[in-house]
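A short worksheet on the structure shown next.
Please treat every number below as a calculation from the coordinates, not as lab data. Remember, predicted model here, so these are calculated numbers, not experimental data. Counting neighbours? That spans all protein chains shown, and the Cβs are built from the backbone with ideal geometry, glycine included.
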Amino acid sequence: MKTPVYMICLTLFTIVTASADSFVRPADEIQLPLPDDWSVVSDSSDYPFQLARFEPAAELLVFKSTIEASDAIRNEEDLKASVDMVIEDVILQLPEAKLLTSTGFLDINRAVFVIEFTARDSASDITLRHRFNGLIYRTSDGRQQLFTLWAKTALSDYPAVSAEIGLIQEGFNFITPTEQVVFGASRATHWYAVPLVILLVCMLYLVRKRTSARARTPFRDNRYFWRCQCGRTNHVDQQSCRRCGRPGPSPPTEAQTDNARMDGADAEDQDSLLRN
């Protein structure tokens, strides 16, 4: 059993290792820490939201799904069985997938599970390290709200960004009023795990579709970021540096934008030819 002194030291180490410059609310109902060098790069006001950093590259997607009261997960045993099914039917079906850890616990008004694994990304042909964090809340209407924070980065880059990923995921806050009791008292049959599995299969399909739709991910592309003289990397939407306040570069002209699009189209055509 972990002693209180051990837990305090671990908490202090995490705080010193990674700290958040600010908090963001990509939706009115949620709040997340935003560490230095991370930006919200979603081009939509709806889920999933995308957070990313540039060097080393990492991405975190935030999904939201609703589990109806009639399908609600009833207890910790049901949750464990659901997570085990997700691992077998979703996670381990990824190319060269390898499970690293799988944990779960109750935390005041929410149930939390974390799955860590590696898998080969077919688009970039590199091994990625994933940290899949699920958080389940129960609202007054009896429905369960499932938030999934899916973080990934190159396996070799994970040690450099793991503390930041942990900070974002562990600092997630659903600011809508919730029930203290997470699990429902439904009369679900042994099919209780099916809604959760279906939701996560849909998430996996969306993630893979997003990946295959672009040969180069936005958080690896210089067109989406600019670096300040102080060393801080900022997203192009930031007019001034979030660290020192220096103004950012002038917006590209229409001709420069058109040239960048043509270069990107040519690169995609070349990639297509290589794949064929």
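Close amide H partners of Arg138, meaning residues 5 or more places away or on another chain with modelled amide H under 5 Å apart, are Gln145, Glu179. For Asp89, Asp43, Asp37, the sequence from fewest to most other C-beta atoms within 10 Å is Asp43, Asp89, Asp37.
By the count of neighbouring beta-carbon atoms within 10 Å, fewest first, Trp150, Trp226, Trp38 end up ordered Trp226, Trp150, Trp38. Separation of the stretch 94-171 and the stretch 59-85, taken as the distance between their Cα centroids, equals 13 angstrom. With a simple spin-label model that places each label point 7 Å from the Cα along the Cα-to-Cβ direction, the separation between Asp107 and Val236 comes to 3.5 nm. Stretching the chain fully between Glu29 and Ala81 yields a gain of 15.9 nm (0.36 nm per residue, less the alpha carbon separation).
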